[in-house]
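Comments concern the structure below.
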């Protein structure tokens, strides 16, 4: 007889809207196999904390809260830079990152997935895709063959990357935006909602429109 595995304690970094969506993701994963026991949220300045508490998950007293001892973590912060900062603090306290994929995720073969990858409901990626650390792929986003996503990238709901797209670190692709095949986007660039990226973009800009152009 196989002994049931005890769920691993898990901390969610961030108690805002995205953090609560990450809690949904954890619950969906646990619905297939009970893998994690969420011990609390860590958030220095929680907005609408009552919404987090209503989910039955406490707000912890920082990373040194005894309830977080020995826990794994996931980053529930939408902003790439905010996520990077919290991840650094969690790792400095000895917490371990885990990756989560929603049961409805569709994925191909020969992909490389960095630690802390979160893939939300109905997202999909095909083959030979490389994910950096703590990448977030939101609902219904799609990623084509041979794409490379740097550390802390975010794809908002409905974003589309065609084949062989390369994103530098901390790039954000906004809701419903499309990046055509072969495009390179520099680190820290934000592509606005509904944009169509048809040529390379430099680092550190905000690009909007069809076709997408950096704001001046």
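Any read-out appearing in this document is the output of simple, stated calculations on the displayed coordinates, not a laboratory observation. This is a predicted model, so every value here is computed, not measured. Don't worry about glycine lacking a Cβ; one is built from the backbone with ideal geometry, like all the others, and counts go over all protein chains shown.
DSSP beta bridges fully contained in the chain are about 5 percent antiparallel.
Over all directions, the projected convex hull of the C-alpha atoms in region 62-147 averages 5.9 nm² in area. Take the alpha carbon gyration tensor of the chain, find the square roots of its eigenvalues, order them as a ≥ b ≥ c, and report rounded if a/c is under 1.5; if not, report prolate when a/b exceeds b/c, else oblate. Taking the square roots of the gyration eigenvalues as a ≥ b ≥ c, the chain is prolate. Sort out for me the Cα centre separation of region 54-121 from region 146-216, rounded to whole Å. What the calculation gives is 23 Å, centre to centre.
Dividing the mean sequence gap of close Cα pairs (under 8 Å, 6+ apart) by how many residues region 8-98 holds gives a relative contact order of 37 percent. Ranked by the mean number of other Cβ atoms within 10 Å per residue, highest first, peptides 105-113, 156-164, 79-87 order as 156-164, 79-87, 105-113. Compared with the dominant principal axis of the Cα atoms in the chain, helix 80-92 is inclined by about 40°. Would you work out the relative contact order for the chain, in percent, from Cα pairs under 8 angstrom that are 6 or more residues apart? Relative contact order, the chain: 11 percent. The mean sequence distance of close C-alpha pairs (under 8 Å, at least 6 residues apart), as a share of the length of region 109-208, puts its relative contact order at 17 percent.
Taking the helices alone, the chain has a mean residue ellipticity at 222 nm of -5000 deg cm²/dmol, built from -39,500 (n - 2.57) per DSSP H run of at least 4 residues and averaged over all its residues.
Looking at region 1-123 alone, DSSP beta bridges between its own residues are antiparallel in about 0 percent of cases.
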